[in-house]
Ligand SMILES: [Zn+2]
């Protein structure tokens with residue numbers, strides 16, 4: 001490979017107007033041809049970074065990166081997959097013509113590249129333990145790869161984005177998957193990987209996710225949960241009376257198409273199941289509460305599952321109950337799984353609501369013993385009830401609970417992180433361009449109240465330093481160790497990118513290796529706890 005590298009570098013020098021950086025790990029030989037990725041680091045005419053490249057496609061540095069094909073003598077047929085050729089360079093060596101062509105690293109050319117390298121397409125990961133690396137900026141995948149490469153037992157989900165994140169970053173599923181695929185090509189990763197349409201709540205977005213090639217679908221049930229039923233005011237008897245009243249949403253007829261309360265009573269009434277030291281008990285009130293809380297949500301899950309099944313050959317399906325106030329009881333866990341299995345729904349993972357608080361970007365808040373007690377029994381239920389993974393959301397920085405989660409899920413888990421890669425990017429900016437970091441901080445403070453609306457955090461604006469003026473340039477990075485500041489910056493990405501996307505991408509582009517190193521180091525701290 002080294003020889004090819006030298007040949008390619010040699011030919012690239014023939015371009016007197018531009019300077020290139022070759023991503024050596026991307027160099028791959030297929031048949032007679034060699035494929036690779038380069039970045040234009042200096043544009044000859046301007047003698048410096050051309051900023052407009054970033055403006056063109058702010059969500060990835062694709063415009064700056066180029067797909068290269070090296071070939072000897074005859075042009076390969078595969079070159080017809082790519083267009084437009086923006087550079088052709090050649091050299092003659094003992095009668096042999098050595099050439100290379102460069103093409104934009106865009107979505108269209110990626111489609112061509114996938115025909116040659118099928119591993120650039122995501123796939124279903126099924127029962128393998130897995131880890132989700134949300135990448136809001138779309139440039140962190142090489143860092144994620146370096147982290148996962150050191151943990152061979154885990155499969156990565158490199159593309160993972162919720163609608164909330166897509167909206168705020170003005171990206172779409174296709175772009176998220178493409179960015180991950182280019183990162184994979186750049187880094188020479190050849191393993192399996194997944195693409196998660198996270199927290200889906202409706203069919204429109206689902207259809208988009210399917211068309212864009214997502215391989216994992218996380219169904220958010222929160223709009224269909226009736227949590228009020230758990231406060232005791234809606235017991236079986238009071239609901240029997242309401243079924244003919246105005247409150248139609250709670251009537252027996254309108255909840256649960258495929259199930260009714262009678263069949264549930266028949267199925268669960270008086271049932272006792274021993275799980276470790278705990279006995280799941282189903283009396284009439286418990287069954288009624290489960291029916292009223294989860295009935296509609298289960299119908300929704302089934303409808304979505306069947307829809308995906310008709311449209312996608314192989315996929316991972318996650319059912320999520322995490323974004324709710326009510327901690328998932330053991331009875332509810334078993335009930336949900338049992339009902340889904342009765343409906344032949346082959347889900348891959350299940351996200352429960354665990355006790356404690358899962359704020360973004362900071363460690364677990366709560367009593368670790370409570371979490372341990374919870375995961376011990378939930379893990380045992382999952383182990384007994386079926387072949388699915390327990391999924392932990394908002395998993396970034398939850399260092400204190402990883403060991404218990406790993407142990408008691410029997411290594412059968414999925415974990416999602418997202419905002420942490422954004423915070424790492426900000427750390428790089430704090431060190432490489434303090435002035436830009438200060439600007440970002442100001443935006444985060446100014447937009448805090450708006451950003452906060454969509455996120456679960458109890459932080460108040462008054463608890464935050466209102467500016468960075470109290471910190472010297474060299475101290476800015478350490479602000480990211482402050483949990484209050486972490487949370488504030490964590491939710492600021494939309495507002496920051498609206499104003500400073502070019503600047504953010506430029507600093508990270510210039511300091512690419514440092515960025516990858518920071519990402520990989522920080523995520524390794526997570527992954528190291530999962531073994
Ligand atoms: Zn979640």
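Of note:
- Extension gain, residue 281 back to residue 462 (0.36 nm per residue minus Cα-Cα distance, nm): 60.5 nm
- Estimated translational D of the chain in µm²/s (Stokes, Kirkwood radius over Cα pairs; 4 °C; 1.567 mPa s): 52
- The relative contact order of the chain, computed from alpha carbon pairs under 8 Å that lie at least 6 residues apart in sequence, is 14 percent.
- Burial ordering of 141, 221, fewest other beta-carbon atoms within 10 Å first: 221, 141
- In the chain, the longest principal axis of the Cα atoms and the axis of helix 173-187 are about 50 degrees apart.
- Annotation: the residues 304, 491, sorted from fewest to most other C-beta atoms within 10 Å of their own C-beta, follow the order 304, 491.
- Least to most buried among 455, 493, 282 (fewest other Cβ within 10 Å first): 455, 282, 493
- Overall shape of the stretch 140-191 was characterised from the C-alpha gyration tensor. The equivalent ellipsoid obtained from it has semi-axes of 22, 12, 8 Å, in decreasing order.
- Equivalent ellipsoid semi-axes - Cα gyration tensor, the stretch 420-527, angstrom: 21, 16, 14
- The simple Förster model, with R0 at 35 Å and r as the Cβ-Cβ distance, assigns residue 116 and residue 204 a FRET efficiency of 0.60.
Any read-out appearing in this document is the output of simple, stated calculations on the displayed coordinates, not a laboratory observation. Predicted model, so just to flag it, every value in this text is computed and none were measured. Don't worry about glycine lacking a Cβ; one is built from the backbone with ideal geometry, like all the others, and counts go over all protein chains shown.
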